[in-house]
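The values are calculated or read from the model by the stated rules, or taken from the named source; none is laboratory data. Just so you know, these numbers come straight off a predicted model, no measurement behind them. Counting neighbours? That spans all protein chains shown, and the Cβs are built from the backbone with ideal geometry, glycine included. Calculation scope for accessible area: heavy atoms of the full protein, side chains included, ligands and nucleic acids excluded. Shrake-Rupley method; radii C 1.70, N 1.55, O 1.52, S 1.80 Å.
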Amino acid sequence: MWARRFAGSILNSRLATGISQLGRPLIPAAKPLASAFAMPKFSVQQTRGLQNLQPRRRKYKKAQKGRVPVRTGGSTKGNYMAFGDYGLRVKLGLRLSAKTISAIHVMLKRKLKAIKGLRIWLRVFPDIPVSTKGTEIRMGKGKGAFDYWACRVPKDKIIFEVRGPGLNTELAKDAMRQAGFKLGVPTEFVIANDETRQPKKEDLPPTNIPFLQAK
């Protein structure tokens, strides 16, 4: 009786390990898949859309509040048309959030979706982290938690430009008018011409004294 149990235990152990009495495997090993069925290796390049506007990296995760810059030295950077045929200019300085920029971009695409080959340029980028605290919280205990990304836009800066085949002035003006409703500050519709495009360096006035910015 005990011999049968001993022989049965040996057989079960050999079946569990998959080795026969002659040292050969009872169950053949699975063959590797053919190279034809293997998935090809390729690299994926991540691109950022306007639905998730934020810098790729930043040295510090938080920043001071700061103020919207007031150009007293005569700088005209970003006040002229550079890419498109029509643009939107803000007449007052403001802090623009990434959510507002994405909403304006979606609205422009929806309004001008009939224009094939439409191109939209964003002249500002939200790269400043804004942190907030809850209401009715005592002072102290450090800076608040990160909330959203924003950018400081000075006065008379162009924030959006559009261009496309068959895009007329009336349609572009109506789209920019609706985009201005989301900003909360006075805006201006700009048409690209010799006066609104960036002049040559020798034609610019000196920047060591204050002067009226581009209109």
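Quick check on my filter: what residues within segment 92-106 are out of contact with any Phe, Trp or Tyr (no Cβ under 9 Å at 6 or more places or on another chain) and outside any loop (DSSP other than H, G, I, E, B)?
Of everything in segment 92-106, those that are out of contact with any Phe, Trp or Tyr (no Cβ under 9 Å at 6 or more places or on another chain) and outside any loop (DSSP other than H, G, I, E, B) turn out to be Leu94, Arg95, Leu96, Thr100, Ser102, Ala103, Val106.
Which of (1) assigned to a loop (DSSP other than H, G, I, E, B); (2) more than 22 Å from the chain's Cα centre (by Cα) is the odd one out, the single condition Val124 does not satisfy?
(2)
Quick grid of which residues meet (1) closer than 21 Å to Asn52 by Cα; (2) of a type in the set (Asp, Glu):
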residue	(1), (2)
Phe125	yes, no
Gly134	no, no
Asp147	yes, yes
Arg163	no, no
Leu171	no, no
Met176	no, no
Pro186	no, no
Gln198	no, no
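Out of Asp147, Asp127, report the one residue that is surrounded by fewer than 20 Cβ atoms within 10 Å (Cβ to Cβ) and either of a type in the set (Gly, Ala, Ser) or farther than 27 Å from Gly74 by Cβ (or both).
After ruling out the rest, the residue left standing is Asp147.
From Lys215, Lys201, which residue is at pLDDT below 95, within 27 Å of Thr100 (Cα to Cα) and among the basic types (Lys, Arg)?
The unique qualifying residue is Lys215.
Please find, within segment 154-170, the residue that is surrounded by the most Cβ atoms within 10 Å (Cβ to Cβ) out of those that are of a type in the set (Lys, Arg) and part of a loop (DSSP other than H, G, I, E, B).
The qualifying residue surrounded by the most Cβ atoms within 10 Å (Cβ to Cβ) is Lys157.
Across segment 83-111, what is the total count of residues that are open to solvent by 50 Å² or more (accessible area, probe 1.4 Å) and among the hydrophobic types (A, V, I, L, M, F, W, C)?
3
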